[in-house]
Amino acid sequence: MITADLTGKTALVTGGASGIGLATVEIFARSGATVALNHLPDDPRGAEQIARLTAEGHRVIAAPGNVARPGEAEDTVTRAIDALGRLDFLVNNAGTPASPAPIPFAELDRLTEDFWQTILNTNLIGPFRCTHAAVGALRQAGARSAVRRRSPGCRAAAAASPMRRARQGSST
């Protein structure tokens, strides 16, 4: 179990409603930090997890917003910083495979530019936008870094990705 005394510190975790993001929120909260849990506005898991964690006595607030959308990512970060009063830690965890299952090589024609743009906006540009919006508050708090998390699942998805299969000439 990871432990640290983060009393008086604050954190924003994007994609914090489930999986590794939620585990990150829980670790920060159990270590005494006040945490802004970012989640998609229409995802009920965000509100459910915030209610559960606050019932357990942790300081967790909602930071709804889609980090893939220009303007919304920055507004989400700004609102979270305003609500927290400062920002000591930023964990860019939000990510998407844009598809619930790998797309087989034989079906690569299903891929569209919108599909790839969704992946880029969420997994690459979203963390840039969030970090860019947070950098002033992070500096003011004395922070020295922002975290971009990539899960083992992302590596597995990348291994099975249509782009990798196309480069390798695989037909499976």
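A compact table of results
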read-out	value
Boolean, THR118 is of a type outside the set (Phe, Trp, Tyr), assigned to a helix (DSSP H, G or I), buried (at least 18 other Cβ atoms within 10 Å of the Cβ) and out of contact with any His (no Cβ under 8 Å at 6 or more places or on another chain)	no
Residue list for segment 106-143, restricted to those being under 22 Å from GLY15 (Cα atoms) and of a type in the set (D, E, K, R)	ASP114, ARG129
Number of positions in segment 71-84 that are surrounded by fewer than 16 Cβ atoms within 10 Å (Cβ to Cβ) and either touching a strand residue (DSSP E or B) at 6+ places or on another chain (Cβ under 7 Å) or of a type in the set (Val, Ile, Thr) (or both)	2
Which listed residue, of LEU53, LEU90, is within 19 Å of ILE2 (Cα to Cα), free of Cβ contacts under 8 Å to residues at least 40 places away in the same chain and touching a strand residue (DSSP E or B) at 6+ places or on another chain (Cβ under 6 Å)	LEU53
Count - residues of segment 71-92 that are touching a Lys or Arg at 6+ places or on another chain (Cβ under 6 Å) and outside any helix (DSSP H, G or I)	2
Residue satisfying all of: in segment 51-70; under 16 Å from the mean Cα position of the chain (by Cα), modelled with pLDDT of 95 or more and outside any strand (DSSP E or B); surrounded by the fewest Cβ atoms within 10 Å (Cβ to Cβ) among these	ARG69
Qualifying positions in segment 1-47 - under 12 Å from the mean Cα position of the chain (by Cα) and hydroxyl-bearing (Ser, Thr, Tyr)	THR14, SER18, THR24
Verdict on ILE103 being under 17 Å from THR10 (Cβ atoms) and over 14 Å from the mean Cα position of the chain (by Cα)	no
Within segment 93-115, tally of residues that are in contact (Cβ under 8 Å) with a residue 12 or more places away in the chain and part of a loop (DSSP other than H, G, I, E, B)	11
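The values are calculated or read from the model by the stated rules, or taken from the named source; none is laboratory data. Keep in mind the model is a prediction, meaning the values are calculated, not measured. We place every Cβ from the backbone using ideal geometry, glycine too, and count neighbours over all the protein chains shown.
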